[in-house]
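Below: one structure, written as structure tokens.
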Amino acid sequence: MGGAQRYPSRFTMLVLRIAMTDYRRNFIAGGSFFFTVNLAERRLRLLTEHIDELRTAFRETRRHHPFTTDAMVVLPDHLHAVWTLPEGDADFATRWRLIKSAFSRGLATDERISESRAAKGERGIWQRRYWEHTIRDENDFARHVDYIHINPVKHRLVPRVRDWPYSSFHRMVKLGIYP
Ligand code: NI
């Protein structure tokens, strides 16, 4: 009793899962991916402090290299996303490279840059590596979309999913995908 509810209840999860049934038909075999992308320095809050620059970086990249963001959450120092790429195109690496460099360009150059990066003229905003997972089926798709929306609660940033502003959860509520 008392205190904020930290995690969605089993019932809430069940309701979300049922509501996802239609949405997850977006899933395309071999064309949908889950990503986790981190800042180099996890203590910084660059992503939420510069959310407009991040949105611009996505928009610019998508203009020449289209993709659909099925779900996304931006945390202060990392982000999670599910993308679907056009058929026959699995080049998410180019897209992330462009998004990362466009975002970094918009920021002041006061971050720590390693010698190896400096030698290549690289910035030190993002971790070079990111986690990528090819979505296997509709259940896997729904599971990762749920994971994305619950993430701010999991990281204890907010007590409820709907309290975190930088989340595709709100778009899905508007679309009637979530109750
Ligand atoms: Ni996370």
Going by what's in this entry, would residue 48 be described as in contact with a Pro (Cβ under 6 Å, 6 or more places away or on another chain), surrounded by fewer than 18 Cβ atoms within 10 Å (Cβ to Cβ), at pLDDT 90 or above and farther than 23 Å from residue 138 by Cβ? yes
Test for residue 162: is it at pLDDT 85 or above, of a type outside the set (Gly, Ala, Ser) and closer than 24 Å to residue 30 by Cβ: no
Scope the stretch 77-110; condition touching a residue at least 60 places away in the same chain (Cβ under 8 Å) and either within 11 Å of the chain's Cα centre (by Cα) or within 14 Å of residue 52 (Cα to Cα) (or both); matching residues: 80, 81, 82, 100, 107
Quick one: count up the residues across the stretch 140-165 that are closer than 17 Å to residue 81 by Cα, away from the ligand (no atom under 12 Å from the Cβ) and not in a helix (DSSP H, G or I). 1
Identify, by number, the condition in (1) surrounded by 13 or more Cβ atoms within 10 Å (Cβ to Cβ); (2) of a type outside the set (Gly, Ala, Ser); (3) out of contact with any Lys or Arg (no Cβ under 6 Å at 6 or more places or on another chain) that residue 63 doesn't meet. (1)
Return the residues of the stretch 70-87 that are away from the ligand (no atom under 16 Å from the Cβ) and either within 14 Å of residue 133 (Cα to Cα) or surrounded by fewer than 21 Cβ atoms within 10 Å (Cβ to Cβ) (or both); say none if nothing qualifies. 83, 84, 85, 86, 87
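The values are calculated or read from the model by the stated rules, or taken from the named source; none is laboratory data. What you see is a predicted model, and the numbers here were worked out from it, not measured in a lab. All Cβ positions, glycine included, derive from the backbone under ideal geometry; neighbour counts span all protein chains shown.
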